[in-house]
Each structure stands twice: as C-alpha cells, then as structure tokens.
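Peer 1: Got a structure for you, questions after.
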Number of protein chains: 2
Amino acid sequence: MSAGPRSAYRLPPPETAGSGLRVRLDLAYDGSSYAGWQLQPDRATVQGKLEETLARLTGEAPRVYASGRTDAGVHARGQVAHFDLVRAWRPDRLALALNACLPPDIRVFRARRVSAGFHARFSAKGKEYRYHIWNAPVLDPCLRFYRTHIPRPLDRAAMQQAASALEGCHDFAAFSANPNREVDGTVRTLQALRVRGRGPEVFIAARGDGFLYRMVRSLAGYLVRVGLGEVDPSTATEILESRTRTARVPTAPAKGLFLWRVFFRRIGHS
Amino acid sequence: MSAGPRSAYRLPPPETAGSGLRVRLDLAYDGSSYAGWQLQPDRATVQGKLEETLARLTGEAPRVYASGRTDAGVHARGQVAHFDLVRAWRPDRLALALNACLPPDIRVFRARRVSAGFHARFSAKGKEYRYHIWNAPVLDPCLRFYRTHIPRPLDRAAMQQAASALEGCHDFAAFSANPNREVDGTVRTLQALRVRGRGPEVFIAARGDGFLYRMVRSLAGYLVRVGLGEVDPSTATEILESRTRTARVPTAPAKGLFLWRVFFRRIGHS
C-alpha cells in the first residue's frame, strides 16, 4: 500500500541522443518547511530541491523556472515550472522519478514536453491564488499549517462588498509590501476577487494578470479587518486611490496562502 | 491575527471551595507526533500531554480517561475524555487555558461539567471512525499525514458490497490484530460500514458499539484489497465465518484513521 523506498527508482536513460528538451512541470507543495520557491544559499527552497533532484537523476544541471516565486511558508496546489535538458528524457518517466526522489512535501502531477517558446513565468497570462481562513473558535489541528485562524465571526458579505470594489484594473500600490521596488509599476488587473466557503472554511480567491509583492496577503489582511468590522468595506476605493500602504492593510500570514492555478495562452502551451 | 504567546494565559482560581468536579472534554488531535493516546514512559502521548498541562494549570494531578485509546499515528476529530478535579474550576476557562498551553496539534473544542456517573469510556454507547484514502496517482502534499495513498483506481461499488456484508452483529475475530487478547470476546455490532467520497477522496465510515484491536484498520485493509480487485467482495462473509486472520486482511496504515465521533446515552450525559 506504499510507494516503497525512495532510492529504489531508477530513471531509464534517454532513448535517443535527441536535440534537447524543454519540460513543463505541474506541481504542488506544502511550503511549511521551505524558505519559499527561490534558490537561496544554505536554506531549503523548492527550486533548490527540484534542481538538486533533477541533477541527481539526469546528471545534467538544469535551472528551473516557476510561474510564481512563492514566499516562505506559502503553499502551491497548481504551480507550473519549466526547465531544459540536453538529452531527450521521457517526461512521463521523469515525473515518476521525481516523485520517487523528492521529499513528500513536493509532488509532481505531470511532466510534459513543451515547445522552446514556452516559459513558465513569461508565457503565463494569469494566476489564481487562494487565501484560506479557518473561522471558528478552535482551529482544526490537522489544518494548522494550511489555514489562518480567525476565531471571531467574519462578516462574509462585508468582505465580498470590499472585494468587489477592488476588482478591475487599478494601481495596487496600497496593497504591495514594497511598491517602490516593483519594476513593472503597480498597476494590475484583478479579474476576480471572491470570498467563498462554508461552515468554518472561508477562502479568498484572487485571479489576476499579475500580482505585486505580497499583494494577495495584503488583500487578505485588509479583507479580514473588514470582516471583523474594524474597517468599513466602503474604504476599499479610498485606500486604492491613496496609493499608500497604511495600518488598514496588514499582511496576512503566509500559511493561509496557496498558488492555486496558472493560466496560459493556448499558443506556445505544449 | 494569532492567539499570542502560549504562556501568557493565566487560569483564574476556582470560585468556590466546591465539592469536586467531573469535566468532559471534547477534543481533536493530529496523532502524527504521538505514540497514541495512552500514557507511556518516555514517549509523547496525548493523555500524557493533557495530564501534564492540567497539572501545570491547576496544581492538581488528574488522571484523564478517553472514549477510545487511539494507536500511534491515529488522529481524532471527536475524541471525548473526562477527569476529576478537587476544586471547582470553571470548565469554560479550563478549555481556554488548555488551548493556550497545549501544543497546537491537540485542541479542546469544549469542556463542560458532567455528573459523577459519566465515564468517557464506559458511558459511550458507540463510536464512529473514518478511514481516509487519497485515490489518485499523486498524493496532495498537504494531506500526506492524513490520508493513505492508493494510486490505482478503487472500485468503490465493490468495496461497498463487501462493506454491507460486514454490517450487523458478528464475530469479528478475523478483523482483530490480536483476537486472543480481547477480554470482552470478539463479537461486536457494526451498525454501519459505508464507503463514501468524491474525486480523489474516499473514506470508510465505521459506526459500531465497540471495536476490537485495530479492527477499523483491518476492515480498511480488506476493503482496499477488494477495491483493487485483489480479493472478491463475496469473500466478506466467508472471512467473518472463518474467525481467522489471513493475508486477505492486511492492517491499513495508521495515518488514514480518525476517531470521528463518540455517541452517549442521553442519561448521565451532562
């Protein structure tokens, strides 16, 4: 009933000499033990684990690029990444080999060959993040790493009212943790910002063409304050227009955040 | 947005000298880090953590009794326990104090005063366990401690067929890990054994008046073999009647099992 020892998996050698290969990975991870996606010296990162495992399996040293460089403690359910290999490995076998050798908190759903024009980050036309809240007096112990606990009842209708006012194309500087360092400016289109859930589960689904640094956690932090009645939902437009970060916009904890899905243009996709 | 430092909580002293107090706790835990419910020397157990924390908070040394003594790695969503205190502490404050001082993998939903006739184990008239399976090629990394991973598709209808044949009053010796050591014999009534779920989630809900040692994990192990087509569902009755443990009944891993709910008679309940 289990997968057997990890080290037992042997990746078959590439079938032809080939002319190189770009591989798209669809993956999920529990970000609790990682200092985020991006490679950092002397710290465990998801990119680091993937590069290290690919090197061990193939003898090549591919650089791995992701659609979204998630922060420390942030999870992913639908992360997309790509990398190049010199030899023509079979992508389906690579997925099996990666799952046999990666730690169990990183899982590859699928590996497939893509055209050289595909880029996990630059070909993405949008992303959906979900921010998960447990809204009941006592947090389910089995969800403690995956939900932000808000014991007091949230006014979900007020949260949705504020969220709806934030949808559309706006300057989101007031919802960036570092607006002065955004190289592409601070205007983004939020296609949808919805408050959903049932029972103790509440989640905020944010879909957009791009997100500023800690933007989803800032939106979640603000919406939680609205839900608790600490800030009026009518302040959404005023805060946007101020373009200034204030105490009304705290950054919600990393552990509630999931990179949920990445959207690509049809062309150049596979 | 967080509960603050654990050590900050101070339990108010009992309001009256009182004549003693029996307290019922409703609690949940993530069993991953524990050698089960029951106190063991030099090992972390749920009972041990509760007794240690209660002693620290009250200065008394209550023994804590549970409805079900879950095994190592088994979780609980609806465990019930009771204990006696000499002084008349306020149960609602005790619950808050316990949650402030217990590790986050043990959570108390409620503490309430019960009559001296209430016993978490002997007053229980039945229990429901749920065995959780993730039935898809790749296991969700955030559920890796709470689901048994079965990559190959399970025939859920065949599983339910075998499960239905196991419902009712039977000698379950063939589904006990140690039938010779069952002090109350091996006959039990399984009021319901149902296979449920959607998408990759499959769970087996077992409700009965009592369970033998590792009975739910044995039922789950057998039903998984049925679902994989390795054992025919028609074997259920024959295995029951054999009263003998065989290879057709493996013990499923602990991590998929949850003590879901405990049922009590109305009288003596509170």
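The values are calculated or read from the model by the stated rules, or taken from the named source; none is laboratory data. Since we're looking at a predicted model, the values are computed, not measured. Cβ: placed from backbone, ideal geometry, glycine included. Neighbour counts: every protein chain shown.
Peer 1: So, A:Val74, is that one within 11 Å of chain B (Cβ to nearest Cβ) and in contact with a helix residue (DSSP H, G or I) (Cβ under 8 Å, 6 or more places away or on another chain) or not?
Peer 2: Working: within 11 Å of chain B (Cβ to nearest Cβ): no; in contact with a helix residue (DSSP H, G or I) (Cβ under 8 Å, 6 or more places away or on another chain): yes.
For A:Val74, the condition - within 11 Å of chain B (Cβ to nearest Cβ) and in contact with a helix residue (DSSP H, G or I) (Cβ under 8 Å, 6 or more places away or on another chain) - is not met.
Peer 1: Where the second residue is part of a loop (DSSP other than H, G, I, E, B) and among the basic types (Lys, Arg) and the first is assigned by TED's automatic domain parsing to the domain that holds B:Leu27 and closer than 22 Å to B:Gly20 by Cβ and lies in region B:57-74, which pairs have Cβ atoms under 8 Å and are six or more apart or on separate chains?
Peer 2: Sorted first by the residue in region B:57-74, then by its partner, the pairs are B:Thr58/B:Arg87; B:Glu60/B:Arg87; B:Tyr65/B:Arg121; B:Ala66/B:Arg121; B:Ser67/B:Arg121.
Peer 1: Select from region A:236-262 the residues that are buried (at least 18 other Cβ atoms within 10 Å of the Cβ) and not in a loop (DSSP other than H, G, I, E, B) and list them in ascending order.
Peer 2: A:Ala236, A:Ile239, A:Ala254, A:Lys255, A:Gly256, A:Leu257, A:Phe258, A:Leu259, A:Trp260, A:Arg261, A:Val262, listed by residue number.
Peer 1: Residues being touching a residue at least 12 places away in the same chain (Cβ under 8 Å), within 12 Å of chain A (Cβ to nearest Cβ) and of a type outside the set (A, V, I, L, M): count how many of those fall in region B:100-118.
Peer 2: Of the residues in that region, 5 qualify.
Peer 1: Can you tell me which residues in region B:85-101 are farther than 11 Å from B:Leu25 by Cα and either surrounded by 22 or more Cβ atoms within 10 Å (Cβ to Cβ) or in contact with a strand residue (DSSP E or B) (Cβ under 6 Å, 6 or more places away or on another chain) (or both)? Let's see the steps before the verdict.
Peer 2: Looking only at region B:85-101, we keep the residues that are farther than 11 Å from B:Leu25 by Cα, and these are B:85-90, B:93, B:96-97, B:99-101.
B:Leu85, B:Ala88, B:Trp89, B:Ala97, B:Asn99 - these are the residues of region B:85-101 that are farther than 11 Å from B:Leu25 by Cα and either surrounded by 22 or more Cβ atoms within 10 Å (Cβ to Cβ) or in contact with a strand residue (DSSP E or B) (Cβ under 6 Å, 6 or more places away or on another chain) (or both).
Peer 1: Right, next: Might you let me know whether region B:229-238 holds any residue that is within 26 Å of B:Pro137 (Cβ to Cβ), hydrophobic (A, V, I, L, M, F, W, C) and not assigned by TED's automatic domain parsing to the domain that holds B:Tyr65? Walk me through how you get there before you give the answer.
Peer 2: Initial filter on region B:229-238 (within 26 Å of B:Pro137 (Cβ to Cβ)): B:229-233.
From what's left, hydrophobic (A, V, I, L, M, F, W, C): B:231.
The next check asks that each one be not assigned by TED's automatic domain parsing to the domain that holds B:Tyr65; those that pass are B:231.
Yes - at least one qualifying residue is present in region B:229-238.
Peer 1: If A:Phe145 satisfies every condition in (1) touching a residue at least 60 places away in the same chain (Cβ under 8 Å); (2) outside any loop (DSSP other than H, G, I, E, B); (3) not basic (Lys, Arg) but one, which is the exception?
Peer 2: The number of the failed condition is (2).
Peer 1: I've got another one for you. Out of the residues in region A:136-157 that are of a type outside the set (Asp, Glu) and away from chain B (no Cβ under 12 Å), state the one that is surrounded by the fewest Cβ atoms within 10 Å (Cβ to Cβ). Full working, then the answer.
Peer 2: Filtering region A:136-157 down to residues of a type outside the set (Asp, Glu) leaves A:136-139, A:141-154, A:156-157.
Keeping just the survivors that are away from chain B (no Cβ under 12 Å) gives A:153, A:156-157.
Numbers: A:Pro153: 12, A:Arg156: 16, A:Ala157: 10.
Checking each candidate, the answer is A:Ala157.
Peer 1: Taking region A:158-189 as the search range and keeping residues that are assigned to a loop (DSSP other than H, G, I, E, B) and touching a helix residue (DSSP H, G or I) at 6+ places or on another chain (Cβ under 7 Å), which one is farthest from A:Glu238 (Cα to Cα)? Write out each step before concluding.
Peer 2: Within region A:158-189, the first condition is being assigned to a loop (DSSP other than H, G, I, E, B), and the residues that meet it are A:167, A:172, A:176-178, A:182-186.
Applying the additional criterion that residues be touching a helix residue (DSSP H, G or I) at 6+ places or on another chain (Cβ under 7 Å) yields A:172, A:176-177, A:186.
Working: A:Phe172: 12, A:Ser176: 16, A:Ala177: 18, A:Thr186: 16 Å.
Among those that are assigned to a loop (DSSP other than H, G, I, E, B) and touching a helix residue (DSSP H, G or I) at 6+ places or on another chain (Cβ under 7 Å), it is A:Ala177.
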